[in-house]
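K.L.:
Let me begin by handing over the structure; questions about it come next.
The values are calculated or read from the model by the stated rules, or taken from the named source; none is laboratory data. Fair warning: this is a prediction, and the values are worked out from it, not measured in the lab. All Cβ positions, glycine included, derive from the backbone under ideal geometry; neighbour counts span all protein chains shown.
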Amino acid sequence: MSRPNDRPPSEKKSLIDHFAAFARWASNLVGSVWAFFLALLVVVVWLATGPMFGFSDTWQLVINTGTTIVTFIMVFLIQSTQNRDAKAVHLKLDEVIRAIHGARNSLVDLEDLPDDELERVAKEFAELHRRACATAAARGGHAKRPNHRPAAKDRSET
């Protein structure tokens, strides 16, 4: 089965394609246990060299500059990967909504609604959930799902 983004082998990749591939690779790499241990090692080595450099301002500046640069670059790489993943999830959910008979197609592209409309839809679903719980309790079933935690907004009201 052909995927929508499959390209003929002869078609060249754009700079954006190369960046997306690099961002995914870098995000996977820095999210690994090895990257964590490497970062931990850098900090331990930096701390160990403190007495050698007299805990000088330059010694402190090295770690501050290094971490600032890495953080600055990683924000963009990780955000790019998160944006792509979120878009893929939204598209998959849109396909599920379209495929299920009885699902409301108006929920497709819900993420593009203004905040007040999203809040309205969230309240609608909270009301549906409340009614379902009340119906289940009236029938002698479970009023809540196991391990159900209300949304953060709901918890703050209790």
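K.L.:
For the subset of region 20-62 comprising residues that are of a type in the set (S, T, Y) and closer than 20 Å to L77 by Cα, which member is surrounded by the fewest Cβ atoms within 10 Å (Cβ to Cβ)? Give the derivation first.
P.N.:
Initially, region 20-62 is screened for residues of a type in the set (S, T, Y), giving 27, 32, 49, 56, 58.
Cutting the leftovers down to closer than 20 Å to L77 by Cα gives us 27, 32.
Numbers: S27: 18, S32: 10.
Here the answer is S32.
K.L.:
Just give me the residues in region 37-70 being modelled with pLDDT of 95 or more and either outside the structural domain of R84 (by TED's automatic domain parsing) or under 21 Å from the mean Cα position of the chain (by Cα) (or both), in sequence order.
P.N.:
Passing the criteria: none in range.
K.L.:
Report whether or not A103 is within 30 Å of E124 (Cβ to Cβ) and small (G, A, S).
P.N.:
Numbers: within 30 Å of E124 (Cβ to Cβ): yes; small (G, A, S): yes.
Against the criterion (within 30 Å of E124 (Cβ to Cβ) and small (G, A, S)), A103 qualifies.
K.L.:
Taking the stated definitions as given, is L128 loosely packed, with under 12 Cβ neighbours inside 10 Å and either modelled with pLDDT under 90 or in contact with a Cys (Cβ under 7 Å, 6 or more places away or on another chain) (or both)? I'd like the intermediate steps shown before the answer.
P.N.:
Numbers: loosely packed, with under 12 Cβ neighbours inside 10 Å: yes; either modelled with pLDDT under 90 or in contact with a Cys (Cβ under 7 Å, 6 or more places away or on another chain) (or both): yes.
It is true that L128 is loosely packed, with under 12 Cβ neighbours inside 10 Å and either modelled with pLDDT under 90 or in contact with a Cys (Cβ under 7 Å, 6 or more places away or on another chain) (or both).
K.L.:
Starting from region 23-36, take each residue that is in contact (Cβ under 8 Å) with a residue 12 or more places away in the chain and list its partners that are of a type in the set (S, T, Y), counting only C-beta distances under 9 angstrom and pairs at least six apart or across chains.
P.N.:
Taking only residues 6 or more apart or on different chains, the pairs are A23/S80; A23/T81; R24/S80; R24/T81; A26/T81; S27/S80; S27/T81.
K.L.:
Next question. Just give me the residues in region 71-106 being out of contact with any Lys or Arg (no Cβ under 8 Å at 6 or more places or on another chain), farther than 18 Å from A20 by Cβ and surrounded by 13 or more Cβ atoms within 10 Å (Cβ to Cβ), in sequence order.
P.N.:
Matches in region 71-106: L93, D94.
K.L.:
How about region 53-70: which of its residues are among the polar types (S, T, N, Q) and more than 27 Å from I16 (Cβ to Cβ)? So that I can check it myself, show each step before the final result.
P.N.:
Of region 53-70, the ones among the polar types (S, T, N, Q) are 56, 58, 60, 64-65, 67-68.
Hits for region 53-70 are S56, T58, Q60, N64, T65, T67.
K.L.:
Let me ask something else. Before we move on, is R139 modelled with pLDDT under 90, of a type in the set (K, R), within 23 Å of the chain's Cα centre (by Cα) and loosely packed, with under 10 Cβ neighbours inside 10 Å?
P.N.:
no
K.L.:
So, one more: Within region 76-83, can one find any residue that is over 30 Å from W25 (Cβ atoms) and either of a type in the set (D, E, K, R) or modelled with pLDDT under 90 (or both)?
P.N.:
Narrowing region 76-83 to residues over 30 Å from W25 (Cβ atoms): none.
No: region 76-83 contains no residue that is over 30 Å from W25 (Cβ atoms) and either of a type in the set (D, E, K, R) or modelled with pLDDT under 90 (or both).
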